[in-house]
Amino acid sequence: MKATLDEMQVFIAVVDCGSISAAAERLEQTVSATSRTLARLEEKLGTTLLRRTTRRLSLTEEGRDYLARVRDIISSVQASEEMLAIRRSKPAGLLRVDAATPFMLHVIAPLVAGYRRQYPEVELELNSNEGIIDLLERRTDVAIRIGELKDSTLHAKAIGQSQVRILASPDYLAKAGTPRQVSELAGHPLLGFSQPEHLNDWPLLDARGQRLHVRPAIRASSGETVRQLALNGGGICCLSDFMTANDRKAGRLVSLFDKQTLSQRQSINAVYYRNTAVSARISSFIAYLAGAIGERGFD
């Protein structure tokens, strides 16, 4: 008796999730049903795919070989289904998107309703991670990355750019005074990032004519946290226009050092693995984002 696609998908889910219980939750099955399906698959194949201990699951050598093959099989089946959807000119199915919290909140979330009106058969799963993730490990179809790209295993599609500015709230400036010279920043609490450190390089020149590297009084892992700190009068920050344009228009944040600020436009890219066929879901989402960002910009 041959293995079924459902059994292959259960096997892949158990490997990706790291446990039978987590796979069962993802698949919306009971733990016992998932365990029985995995056991049935191993019985059909006449081999052990996973070593089970009380603490973890690990692939056998046969399991690793089989995993690579079944991933290809499932991918081919999905590609065939997508081809039919393309012929109907209707992208369909689940699209997993990853982006840092600020970009997800300020750019993607406001555009979702419009995208779904245009492509109602696409289901979206939106995940936020502040750092760079492994797309395959996280089962992500497309990720939005801001700044320089270093991973050569990825396809990248530029979808826009965003200027970086020095900002503070009017309330903070009313209480602490507005710095006019770069050197005066030393007398103010600066809001920055815990990682990566290069995000604390601001687009200003110090007294030596070098790019200004600041030592923040308060560090955060997310730009959205930095934004909220600035909005609440916590100090002076350096953030990208894509998350602060509306704040500046509404007067909640004020830009500083406009004449001294160096041009620093962060590139915004949609990325996916090179060995991934560009599905109608991926291409439609990237095109929609690029069109929306191009039309409105972030100035």
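The values are calculated or read from the model by the stated rules, or taken from the named source; none is laboratory data. Remember, predicted model here, so these are calculated numbers, not experimental data. Because the Cβ atoms are built from the backbone with ideal geometry, glycine has one as well, and the counts that use them run over all protein chains shown. The area values use the complete protein model at the heavy-atom level, side chains included, leaving out ligands, DNA and RNA. Shrake-Rupley method; radii C 1.70, N 1.55, O 1.52, S 1.80 Å.
Of all the options Ala24, Ala287, Ala156, the one that moves most in a Gaussian network model of the chain with Cα springs shorter than 10 angstrom is Ala24. By the rule of a C-alpha distance below 23 Å, with chain neighbours fewer than 8 residues away ignored, the lysines paired with Lys90 are Lys157. A straight Cα-to-Cα reach below 20 Å connects Lys249 with the aspartates and glutamates Asp171, Glu224, Asp241, Asp258, Glu295, Asp299, residues fewer than 8 places away in its own chain not being considered. A Cβ-based charge dipole, computed about the Cα centre of the range 174-239 with Lys and Arg at +1 and Asp and Glu at -1, lands at about 120 debye. Solvent-accessible surface of the chain, averaged per residue with a 1.4 angstrom probe and all protein chains in place: 55 square angstrom. The label point for Arg208 and the one for Ser194, both projected 7 Å from the Cα toward the Cβ, are 2.9 nm apart. Around the Cα centre of the chain, unit charges on the Cβ atoms of Lys, Arg, Asp and Glu (plus for the first two, minus for the last two) sum to a dipole of about 300 debye. Calculate the spin-label point distance for Ser222 paired with Asp72, positioning each point 7 Å from the Cα along the beta-carbon direction, and give it in nanometres. So the label points at Asp72 and Ser222 sit 4.1 nm apart.
With a ≥ b ≥ c the root eigenvalues of the C-alpha gyration tensor of the range 1-57, is it rounded (a/c under 1.5), prolate (a/b larger than b/c) or oblate? The shape class here is oblate. In the chain, the DSSP beta bridges split such that about 65 percent are antiparallel, to the nearest 5.
Between Ala270, Ala158, Ala168, the GNM of the chain built on Cα springs shorter than 10 angstrom shows Ala158 fluctuating the most. Here the label points at Glu121 and Ala33, each 7 Å from Cα along the C-beta direction, are separated by 2.6 nm in the simple model. Here is how the number arises for the chain: DSSP H runs of 4 or more residues each give -39500 (n - 2.57), the sum is divided by the residue count, and the result at 222 nm is -12500 deg cm²/dmol. Protection proxy ranking, highest mean first, for peptides 206-217, 59-70: 59-70, 206-217, where packing is the per-residue count of other beta-carbon atoms within 10 Å, averaged.
Taking the 1.4 Å solvent-accessible surface of the chain as the whole, the part contributed by carbon and sulfur is 48%.
Each DSSP beta bridge with both residues in the range 157-299 is either parallel or antiparallel, and the antiparallel ones are about 75%. Counting every alpha-carbon pair across the chain, the share separated by more than 27 Å comes to 54%. With springs connecting C-alpha atoms under 10 Å apart, model the chain as a Gaussian network and identify which of Leu149, Leu191, Leu289 has the largest mean-square fluctuation. Of Leu149, Leu191, Leu289, the most mobile in the Gaussian network model is Leu149.
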